[in-house]
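Engineer: Questions regarding the structure given below will be posed in turn.
Read the figures in this text as sums done on the coordinates, not as results from a lab. None of these values were measured; they are calculated from a predicted model. Because the Cβ atoms are built from the backbone with ideal geometry, glycine has one as well, and the counts that use them run over all protein chains shown.
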Amino acid sequence: MRVSSRLSILVPALCVAAVASGAPAALQSQKPSAIVAAADARDAYLRHALIWRLPPSLSPADLFAGPDGVFPYKVAEATADDGIACTFSRPGVSLGGKSAKFICRSADGRDLRVKYWDVAGRSGNREAFATVAATRLMWALGFPAAPALPMNIRCDGCPADPMRGTGQPGQRRYVAMWQVAVPGLKIVSRPETDQGWSWRELETSIAALPAGEERSRQETHFAG
């Protein structure tokens, strides 16, 4: 089972991504976006990953609003009848994966990568509902998760099928979810950058820890 961006492990920065000394100076001066690691080094990151931390004290209003300072829109604004206006930019098929999604650009210049549900046509992606609830629950319990914002989208120039980018364009309305990307470096051990992790892989990595306090903690948090 692959774990999607709905639930993310926050990995401590145990080492710094190094740019090869033979690379051009311009490349060396750029902020690294990934740690290129051998398979055993990647396992070490998983082994020591932060799985759980003491959750914040949350009121029902806090839980409804989501993490403070993460979203550019308040929930009340994003879910109002008028919702968020945007212009269709890219179909979902160009983004990888099979779940129904697309990118539209908001009036304030943000590219919103949204998963959507067409209420009238009863089609689209049910993750638009489930992901918001799941990430709020994980956050409240102390498990790091990429936050998700529920939205009503008014999409100008949206094709009839925004996932494939086909059909007559027009203004269309969707119930949607925008998930904020988890900040930090990617850890890659193969040429492709989209490298998820599996529950089995995480369990195996933790089991490789020597017996002691850290292993007991990681096993407890993993089982939780």
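Engineer: Under 19 Å Cα to Cα from LYS74, which aspartates and glutamates show up? Leave out anything in the same chain fewer than 8 places away.
Structural biologist: In chain and number order, the partners are ASP62, ASP82, ASP108, ASP111.
Engineer: Principal axis lengths of the range 87-207 from Cα atoms, whole Å, largest first?
Structural biologist: 54, 35, 29
Engineer: Further question: Fewest first, what order do MET138, MET177 take by the number of other Cβ atoms within 10 Å?
Structural biologist: Details: MET138 19, MET177 26.
Fewest-to-most ranking of MET138, MET177: MET138, MET177.
Engineer: For PHE102, what residues show an amide H to amide H distance below 5 Å, using hydrogens built from the backbone and excluding near sequence neighbours?
Structural biologist: VAL114
Engineer: Mind checking the full-extension length gain between GLU77 and ARG105? Use 0.36 nm per residue of separation minus the Cα-Cα distance, one decimal, nm. Intermediate values should be presented prior to the final figure.
Structural biologist: On the way: separation 28, 0.36 × 28 = 10.08 nm, distance 1.68 nm.
My answer for the length gained is 8.4 nm.
Engineer: To the nearest 0.05, how large is the calculated FRET efficiency for HIS221 and ALA37 if R₀ is 22 Å and r is the Cβ-Cβ distance? Mind showing how you got there, number by number?
Structural biologist: Numbers: r = 22 Å, r/R0 = 1.02.
Rounded to the nearest 0.05, the efficiency is 0.45.
Engineer: Follow-up question, since we're still on this one. Just subtract the alpha-carbon distance of GLN195 and VAL119 from 0.36 nm times their residue separation and send over the number in nm, one decimal.
Structural biologist: Values: separation 76, 0.36 × 76 = 27.36 nm, distance 3.27 nm.
The span from GLN195 to VAL119 would gain 24.1 nm if fully extended.
Engineer: While we're here: Just to check I understand the Karplus step: with θ = phi - 60° and J = 6.51 cos²θ - 1.76 cosθ + 1.60, what whole-Hz values come out for the range 155-164, glycine and proline as x?
Structural biologist: Taking θ as phi minus 60°, the curve returns 9, 7, x, 7, x, 4, 10, x, 5, 8 Hz for the range 155-164.
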